[in-house]
1. Looking at segment B:301-319, is at least one residue closer than 24 Å to B:Leu36 by Cβ, within 14 Å of chain A (Cβ to nearest Cβ) and assigned to a helix (DSSP H, G or I)?
2. Please note which helices (runs of 4 or more DSSP H) are completely contained in segment A:38-124 and include at least 3 residues that are within 17 Å of A:Leu151 (Cα to Cα) and open to solvent by 10 Å² or more (accessible area, probe 1.4 Å).
3. Mind checking which pairs have a first residue in segment A:206-224 that is farther than 17 Å from A:Ser40 by Cα and a second that is among the polar types (S, T, N, Q), Cβ under 6 Å, 6 or more apart or different chains?
4. Hey, can you tell me all the residues within segment B:183-202 that are in a strand (DSSP E or B) and either small (Gly, Ala, Ser) or out of contact with any Phe, Trp or Tyr (no Cβ under 9 Å at 6 or more places or on another chain) (or both)?
5. Could you check A:Tyr107 against (1) within 8 Å of chain B (Cβ to nearest Cβ); (2) within 18 Å of the chain's Cα centre (by Cα) and say which number it fails?
6. Assuming B:Leu388 fulfils every condition listed in (1) open to solvent by 10 Å² or more (accessible area, probe 1.4 Å); (2) among the aliphatic types (A, V, I, L, M); (3) more than 16 Å from ligand 1 (Cβ to nearest atom); (4) in contact (Cβ under 8 Å) with a residue 60 or more places away in the chain apart from one, which condition is it?
7. When you scan segment A:36-43, do you find a residue that is polar (S, T, N, Q), under 15 Å from the mean Cα position of the chain (by Cα) and within 16 Å of ligand 2 (Cβ to nearest atom), even just one?
8. Could you please tell me which pairs satisfy a Cβ distance under 7 Å, a separation of 6+ or placement on different chains, a first residue in segment A:28-50 that is within 11 Å of another protein chain (Cβ to nearest Cβ), and a second residue that is assigned to a loop (DSSP other than H, G, I, E, B) and within 10 Å of ligand 2 (Cβ to nearest atom)?
Amino acid sequence: MSLLEIKNVSKIYGNLHALDNVSLNVDAGEWVAIMGPSGSGKSTMMNIIGCMDKPSRGEVLLDGKDISKESAKRLTEIRRDKIGLIFQQFHLVNYLTAVENVMVAQYYHSLPDEKEALEALERVGLADRAKHLPSQLSGGEQQRVCIARALINHPELILADEPTGNLDEANEGIVLELFRLLHREGTTLIVVTHDPEVADVAQRTIVLDHGKLSREIVNENFHD
Amino acid sequence: MKKQNMFFRMITASLVRRRSRMLVALLAIAVGATILSGLVTIYYDVPRQMGEQFRNYGANMIFLGAADSEGLTPDAVERGLSYIDANKLVGVAPYRYETVNINEQPVVAAGTDLAGARATSPYWIVSGEWPAADGEVLVGEDIADVFDVKAGDTLSVSFTPATAEATTAAEGEDAQEETNGIEMTFTVSGTLDTGGSEENYIFISLADMEALTGESAAYDVVELSISATQNELNAIVDSVTENVSSVTPRLVKRVTQSETTVLSKLQSLVLLVTIVVLLLTMICVATTMMAVVTERRKEVGLRKALGASNGSITMEFMGEGMLLGAVGGLLGSILGFIFAQAVSMNVFNSSITFKPLLIPITILVSILVTGLACLIPVRSATDVDPALVLKGE
Ligand SMILES: Nc1ncnc2c1ncn2[C@@H]1O[C@H](COP(=O)(O)OP(=O)(O)OP(=O)(O)O)[C@@H](O)[C@H]1O
Ligand SMILES: [Mg+2]
């Protein structure tokens, strides 16, 4: 069953078609990579899937429900309940410690639980950095905090926009390993990347070009 | 963990770990609250202070001559004074008023013990010097204007006995020569500014008054400044009335009158300053919060991306602002008391009473003022679009 169904979606800025009649299905538990040159509409698509933006045309079904015409308030609720976000710039609240940053996501979702937040940090290998401020963490560590935060509420769908864009190879490896773990647990992953290595570990790669879906590559030798 | 705990943890972290930013706002609130609580303290304490000052040093009793008696002779006054504890007597000023002529114009001259007058009327402002010797005159501001004299000038004063003219009319020309007035020349030692009718008088020593009029008459009034409670004053009035038949003692409230006008002016000034200070504080807090919100647009976008509703964002910023207000208010109420105390010590030489109720009131007002100042900045925070903010930059 499809978790996400994108039907003939366009996003138009003036006379620029950031997305041009794109259709895509993502099954629950699937791991999809999105590639494409800069400006091809990858982030635009992620924003729409992530309920932070609305398409100009077309439908977006999440769990079978059309989210393309929901109010901003309702979109916030859907995002809070179903989606975990990971960004290229590791967006953390700079005056909160690692564990507090994870707890912020719990706070908006349901109830903050420090123990659970610490466990999430442990999963990403940062148990000993829980009381550090973002400025006291390396880029890789910050991104891992973001991942811990994205998975804390057990979202059905994790959206990652260039999660390894600012990381070295060692940290990239750690992040990909975490994705593999999440995938094994049944989380649906959509990962935007410029890096073929990151795309190669996904089950399927979608290539966007000028807002259009130009290619789709199924990874034959995908393994968990 | 409870939701409120996390809320409190976030807003305190924001204030504590982002010190430099919030310090500006905190300073504005603390200064505002200091001046506010300081001025309010002074507002309520000054009347008491000033009242004491006035009553301690101004004239608060007069002796008048009783009807059908020999009048206020020095001897009668002496007997009256014997009923007042010498330690409590701050000053005694006997006055004898006569109409004299300066440049053919009638002017009221007061003969008095000038040292005594100085003690009973400490609020008189003299430009120049108080008369130090006979032959010197203290001229009321209005008289000085009319005759255009100032300290150091000379003033010619003549006296014609009232009875002389009546006698002249009856007894013919010869008599006039005999009773023609005496003329004396005084040196103006200073001019007098009191804000009252004294500005229309000239003041000379009792000895000069005798020389000018050629006779020693009874006093018209004696002003006394007594350092005593209302009850003690009443007791003095009673015993003098009873024992000295020629003296009628009266308590006076003239100084209290001017005291209240000064006070009400002072209090409206304090009120005005308070309002201005509150407005300035609000503007400062609002601009700081505006800057804070702009600076934290990314964070707001992030929080929204994590599922924060506009309500949560508003609550968080308001919470921070109001916590800031509470801390600033507490600081201000303490500093304000110190400020008021310093003013009181410097101006009145006495300490003020501490009012515990002022602390919660100051804190509450600070919270309200910061809350109000945060309204507009916080509105702009809820307008942040998470998609734009997170796009990278
Ligand atoms: N708010 C906007 N207003 C106008 N044009 C926009 C807006 N957001 C995006 N665009 C345009 O839409 C196009 C797609 O942008 P998008 O951010 O989706 O690209 P991308 O594939 O994520 O690129 P990159 O790899 O550089 O991140 C770009 O040409 C961009 O300039
Ligand atoms: Mg992008």
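1. Yes, that holds for at least one residue.
2. Qualifying helices (runs of 4 or more DSSP H): A:72-82, A:98-109, A:114-123.
3. A:Ile217/A:Thr205; A:Asn219/A:Gln203; A:Phe222/A:Gln203
4. B:Thr185, B:Phe186, B:Thr187, B:Val188, B:Ser189, B:Gly190, B:Thr191, listed by residue number.
5. The one condition A:Tyr107 does not meet is (2).
6. (3)
7. yes
8. From residues that are within 11 Å of another protein chain (Cβ to nearest Cβ), the pairs are A:Ser43/B:Lys391.
The values are calculated or read from the model by the stated rules, or taken from the named source; none is laboratory data. Here the structure is a predicted model, which is why all the values come from computation and not from measurement. Here Cβ is always computed from backbone atoms with ideal geometry, including for glycine, and neighbour counts include all displayed protein chains. Keep in mind that these areas ignore ligands, DNA and RNA; they rest on the heavy atoms of the full protein, side chains included. Shrake-Rupley method; radii C 1.70, N 1.55, O 1.52, S 1.80 Å.
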